[in-house]
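Here's the structure, in structure tokens; my notes come after.
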Amino acid sequence: MLLYALKRLIQGLITVWFIATATFLAMHAVPGDPLSGAKAMTPEIRKNLEAKYGLDKPVSQQYLIYMGNLAHGDLGISFTQKNREVNDIIREHFPVSATLGIMAVVFAGLGGTLFGALTALYRNKWPDTVIMIAVILGISVPSFVFAAFAQLAMVKINGAIGFSLLPVAGWGSVSHIIMPSLVLGLGTMAYLTRLMRSSMLEIISSDYIRTANAKGLPPTRIFMKHEMRNAVMPVVTVLGPAIAAITTGSFVVELVFAIPGLGRYFVQAVQQLDYTVIMGTTVFFGAFLVLMVILVDLLYGFIDPRVRVS
Amino acid sequence: MADQPASVSSLPDPALQMGAFESMQSELRVQTLTRPSLSYWQDAWQRLKANKRAILSLYIIIAMLLFTVFGPLVWRVDPAEQDLLQVSSAPGAERSAIIVAPYSAWDALEAPQIADAQDADAAAPASVPVNITDLQLAETATTQQVRLEWQPMAGAADYAVYRNLVEPTGPGTFGLPLGTTGSKETRRYEDLLDLRPGPLYYSVVAMDALGHELPQSKTLRVNVANAITLDEAADRQLIKPGETRELGSQVNFALHPMGTDYLGRDMLALLMQGARVSLFIGIAAPMLFVLFGIVYGSMAGFIGGRTDQLMMRFADFVVALPFLLFMILFKIAFGIGPGESGIIPLIVAMVVLLWPATARLVRGQILQVREEAYVNAARLLGAKTGYLVLRHMIPNTMGVILVTLTFAIPSAIFTEAFLSFIGMGVAAPTASWGSMSNDGIKSMVTHPHELFFPALMISITVLAFNLLGDGLRDALDAKMRSRE
Amino acid sequence: MTQNTSVTDEPPLLEVKDLKVEFDTYGGSVQAVRGVSFSVEEGKTLAIVGESGCGKSVTVQTLMGLVPMPPGRLKSGTATLRGRNILGTSQIDGQDFRGSEIGMIFQDPMTSLNPTMTIGRQIAEPLEVHRGWSHKKAFSRAIELLEMARIPEAEQRAKQYPFEFSGGMLQRAMIAMAIACEPAILIADEPTTALDVTIQAQVLDLMGDLQQDHGTAIILITHDLGVVARMADEVAVMYAGQIVERGSVDDIFYRSAHPYTVGLRAAMPSNDPSARRSLIPIEGSPPDLFSPPTGCAYAARCPYAMKICSTSEPPPFVVGQDHFGKCWLHHEEVAGGWEKILSGAPTLLTGAKMARASSPLAENKS
């Protein structure tokens, strides 16, 4: 198991290297090489950049400098803001995104498992129909539409009841987290519900559930100890991609709800063409997602004895 | 049986007839199987036809394609044309307009009104109204101007005028403050501010000399009509050339069945244009990356060995790239020159990033099918590689590929919408459903139709492709056929 | 079993009467079980034989309440365990009889055990549920049971997961689990079909030994007449949802009273080298159970079919002690009917004899 974890970690590091290289290449493929082209830079920033990225040197040298900085955990400095390091930006904005993301993942995971199990147990009865219609909507309606309508609905609700039930936008208190994380987790929850439902249906009709029934086990025990445990397995395997989906979804949600997270900052950086911040955040997000996938894999190993033992 | 044992001798059976125990003719015994044999695709099509949701989705998709391709031929409105008379108008908004004279200043505002005011002040306290009275329209309210006048009240030094879309219920709910008359003598007000057809509630509030509002107020409900001058109507071809129309007569504005956007562009025409962009990206990109994935995956699968290992490891790396971030990165890298729509960079970025899933799938299928007993059997019977590919490999991977493609389309449409929404998709003035949603969200509260229609189009299309994909998956899954 | 032998007032251990089960499908309702009656006595083995889809599994799964309803539907019938009804309920006196009074093992041991729970825990579960034993006590009993099932290093094995077991070991673990609460009846639904031939014998021997030690009655579902010859006391031959012949194992092998039984025997390979012959398949296929034929279900495939066979269903003709066959050839008006039936498989007698002789178990019992 430890060896497996180590192996995964090394694989992850190689993947991060690949991501960083791809990012570097993509940025240097920009027509006119904006890093050296220097459009909207003050001389001060320019000097900093030159020192940092070795802009006067050939691309291969620049690459080595860039990778060297990365190896030290230094993601670079801002292209448009003076004396602003990407590390600082991440330190400042990432906790907000992480809080939002964790809440959304928890919400999506719990909701998906619960609703999925429910639909399978009430197959072809009304709870199944209602939830599956909601799931189809959740999969087919873009997240920004949900975000917009949730915001609009909350404006109306707050207006109708005369006080602020939940804040419509912003960040700072627990109540600020609720609506954005619900909206953010919704699409993933719909997907997980579907997955859980098919997984549960497969398990309900499996041979070992028949065995459990033949043993005369009470239904609650069969549900808890035999069905849930096995049905939740495929849900865990897709948690990695789910976290990725939620992370990217956070761009929109942070934008709509005016949350000062890394996603919103990234979108701003993109709009201002702050190339170094784009590069730094991309590598950071990439590394973060790789780490998450590894963690989910290890978690899966703990749940599934077939993986754990072998 | 056990409870009613029959004895051989005492069996009364009405069914016994003469000759019952004669041997039966052999032709009576043969049972035939009536189920006709179907080819893989025939069978799949029959299963799909039985799936009502999938067939309905197929119709929706066909309708959507017809809308995209033939819609602009039927609805010949230029999506770029701005109808400034109807900006952000909701579908079904009032279209009739009154022809009015060109705007001229309201003379009455300048006219001395002191005499009236003095009269009011001079009159006995009993006869002076304690509230504003006779709040009325000085002339017909149109989108050109709304002119109000009222009778003064005692003790008012100034009057504030408010406007609201809903009926006020008391102080504090009068809505938008338009301004004050500036003196107690003036008891007329002219509103020129961004007028729209429909009901408006004007409130006049009396103020004291210090500028504080008094509790006395009066509210008037005004129905504002569209207004257009004769010249403008002629310009916009709302009246026939040479035709003369009297002032006050009615004309109809251009029809916008789904309203207009914030620039006064026709929503229906825009949606058709957006459909072309969204569906083109949504269909072209998946087709290309699926095709690339098939080539890459089948090559890896056929060659096998070390090459296969290397190729697949590279695919693993590409999968690990954070997809949307790299979409954005590539968009920046490929750059959008002036006057370009940004559609091609979007498609290229999708192809570069999304092929590995199909490649993995196809490789897996090829490896699996290659080892199947029936392929070995065919090979033993002397089948050539070409025959194997045509007869076994393709039919057995086509289903999976088709399903992948069907599911890739909605996710590509989603991706385009998402990128356009955060401003990284197609560039203005090219409209896609995503960029229309992005525009619409800004005025979501006041003009929800600008967000609702493009969002609805995205949702319906994605829904239809998803349901069709589900149906296809069930229909093409050969393993499912033996079940039931 | 039949009333002829029920000399005492005591009801048989398990008695099933006129069981009819249907399945609703989109194509109509399938009459999977069409009036099945049988009984099982303590310590005896009843084999239910028939080809795939004849309703033998549905019959026992209905008894165990394992048939999902819907789409399944119980049309009629009663089943009593020691005189108490078990049909349509899984409870006797508020307690689940499944696992405690009747244990069951299934065809495919690889899929019949929960992949994410240790073998020991799965064996301990019925003890915890039915006897209220503690986790620990049940688990140590599970180890003993595994030892009884001849699993080496039972203590370590109990902590392992199903994927670490071989198929034969899993089936023995399944048996250990089924008999954990010492049930009066063990239902074995094709217990050896998915196993290698060498392992089949081990599993059958284990079942036989446990039966001797505990006096458990066994209902053995199989399509393998070799297994029947080795294990069974009584045999019920099922065809198209009905029992077409019922008798002792000797009756079935030496005095077959139904052409289908003869056909089955002719289709069975013999392990007697002196009786070299080719296998004789039964031509045609079983009738469509969406609309079963009005007459004898076997008529279309029967070489001796008569006109009456396609018009009216034969009653069970009693042809001997506890032996009946549902075939019109036994009617008094048909001369030499039984001889006709038996003429179908002359050489098989030796095959059956050999199979029985090779099993010391069978000798002990008979």
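Quick notes
- Using a Förster distance of 60 Å, the FRET efficiency for B:D134-A:L166 (Cβ separation, nearest 0.05): 0.80
- For the range A:231-276 and the range B:385-409, distance of Cα centres in Å: 34
- Label positions at A:E92 and A:L273, each projected 7 Å from the Cα along the C-beta direction, are separated by 2.3 nm.
- For the range C:130-177, the Cα gyration tensor yields ellipsoid semi-axes of 19, 11, 10 Å (square root of five times each eigenvalue, largest first, whole Å).
- Across C:K17/C:K340; C:K44/C:K159; A:K125/B:K52; B:K49/B:K384; A:K215/C:K20; A:K225/C:K137, pairs whose alpha-carbon gap is larger than 29 Å: C:K17/C:K340; C:K44/C:K159; B:K49/B:K384
- The relative contact order of chain C, computed from alpha carbon pairs under 8 Å that lie at least 6 residues apart in sequence, is 18 percent.
- Using R0 = 56 Å, the C-beta based FRET efficiency linking A:A71 and C:K159 works out to 0.80.
- Listed residues B:I328, C:G65, B:G399: farthest to the positive end of the dipole of the protein assembly as shown (Cβ charges): B:G399
- Average partner coverage of C:116-124, which counts Cβ from other chains inside 10 Å: 3
- Taking every alpha-carbon pair under 8 Å whose residues sit at least 6 apart, the range A:94-273 reaches a relative contact order of 35 percent.
- Förster radius 45 Å - calculated FRET efficiency between B:A154 and B:L247, Cβ distance, rounded to 0.05: 0.70
- Convex hull volume per residue in cubic angstrom - Cα atoms of chain C: 146
- Relative frequency of Cα-Cα separations exceeding 52 Å in the protein assembly as shown, percent: 46
- Spin-label model, A:L6/B:V166: points 7 Å from Cα along the beta carbon direction are separated by 6.8 nm.
- Residue (of A:S198, A:M279, A:P180) at the positive-pole extreme of chain A, dipole from beta-carbon charges: A:S198
- If both residues of a DSSP beta bridge must be in the protein assembly as shown, then about 75% of such bridges are antiparallel.
- Distance between the 7 Å Cα→Cβ label points at B:Q46 and B:E372: 1.9 nm.
- Scoring C:246-259, C:132-145 by mean Cβ neighbours within 10 Å over their residues and listing the highest first yields C:246-259, C:132-145.
- For B:D107, C:D108, order by how many other beta-carbon atoms lie within 10 Å, fewest first: B:D107, C:D108
- From least to most packed, judged by other beta carbons within 10 angstrom and beginning with the fewest, C:T59, B:T358, B:T307, C:T116 follow the order B:T307, C:T116, B:T358, C:T59.
- Computed over the range B:318-406, the Cα gyration tensor eigenvalues convert (square root of 5λ each) into semi-axes of 40, 13, 9 Å, ordered from largest to smallest.
- Likely footprinting exposure, B:F452, A:F115, B:F280, fewest C-beta neighbours within 10 Å first: B:F280, B:F452, A:F115
Only the coordinates and a few stated rules stand behind these numbers; no lab work does. Here the structure is a predicted model, which is why all the values come from computation and not from measurement. Reconstructed Cβ throughout: ideal geometry from the backbone, glycine too, with neighbour counts over all protein chains shown.
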